[in-house]
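The values are calculated or read from the model by the stated rules, or taken from the named source; none is laboratory data. Everything numeric in this text was worked out from a predicted model, so none of it was measured. In this analysis, Cβ positions are derived from the backbone assuming ideal geometry, glycine residues included, and neighbour counts consider all displayed protein chains. Remember, those area values only see protein heavy atoms, side chains included, never the ligands or the DNA or RNA. Shrake-Rupley method; radii C 1.70, N 1.55, O 1.52, S 1.80 Å.
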Amino acid sequence: MTTLAAVGRRVLPRGWGDLAKQLAIWFGFLFAYQAARGIADRNPPKAFDNGLKVIGFERHMHGLIELSFQRFVDSSQFLMNLASWTYWNSEFTVVALALLWVYLRRHEAFIRFRNAILLANVIGLVGYVLLPTAPPRMFPDFGFDDTLQSFGQLNHGSGLIEFAANPYAAMPSLHAADALIVGLVLFSVCRTRFAKILWLLWPGWVWFSVMATGNHFWLDVVAGVIVAAIAGTLIYRNPFRRRRATAAAA
């Protein structure tokens, strides 16, 4: 027990108790997500109707660019696997690892980073309840494919995915929102040029991947970017004001 406490003091910025609190916050959010999923799943007709409205709007604007992305990815097994891997891992795996790394190595930036992610996801959950929307892959008559079906044994028909995923969570895209927040925060706290470039490009690649795999319309991505902008503005607004005041005083 003494050894465990010593490890906590040496590795963890605020000890085991604070780490347990952070884990409780995230598991609490997962519980809220499942509750919102249950509510959104109760009205599939509305979700498909909203999906058709998005398709109609996009076709009126310029056509369905998601189909072009899908055809491009379908031309290469490597691209298909990479886009599928990005879709499956960008939302929870990469976000969780990014939060953990910032918590351990750049702790001064962690609280606002965590709060921005949480606020964006809360806004997204409200959107899922009020505006359930079927994703492109549910509209094969328009030419969309579920490219994830070919990614090993992990697909939307898997038991674990059916239990954990919200099938009508297209609008807004939290993949897009979280990728933007993660990309900008990691860009700001990483110290090497390579890492900064990598994280600056990360949001764009995630946006492309979620459309190319048939899981989001570009309009969902735009909505996700707006959600991230709102969350970031609310969370980081006061620090920005303090910096401006300090600069003015100097």
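Taking Leu82 as meeting all but one of (1) more than 16 Å from Ala212 (Cβ to Cβ); (2) aliphatic (A, V, I, L, M); (3) at pLDDT 90 or above, write down the number of the exception.
For Leu82, the exception is condition (1).
Which ones in region 52-107 are polar (S, T, N, Q) and touching a residue at least 24 places away in the same chain (Cβ under 8 Å)?
If the condition is that a residue be polar (S, T, N, Q) and touching a residue at least 24 places away in the same chain (Cβ under 8 Å), then Gln70, Asn81, Ser84, Thr86, Ser90 are the ones that fit.
(1) closer than 30 Å to Gln70 by Cβ; (2) within 15 Å of the chain's Cα centre (by Cα): which one isn't true of Phe142, the others all being true?
All conditions are met except number (2).
If the Cβ limit is 7 Å and pairs must be 6+ apart or interchain, which residue in region 197-215 that is closer than 27 Å to Pro140 by Cα and aromatic (Phe, Trp, Tyr) pairs with which residue that is open to solvent by 10 Å² or more (accessible area, probe 1.4 Å) and modelled with pLDDT under 95?
These pairs meet every condition: Phe208/Phe69.
Give the residue that is most open to solvent (accessible area, probe 1.4 Å), with candidates limited to residues of region 160-178 that are in a helix (DSSP H, G or I) and at pLDDT 70 or above.
Applying the filter and picking the extreme gives His175.
Could you check how many residues of region 110-139 are part of a helix (DSSP H, G or I), hydrophobic (A, V, I, L, M, F, W, C) and open to solvent by 40 Å² or more (accessible area, probe 1.4 Å)?
8
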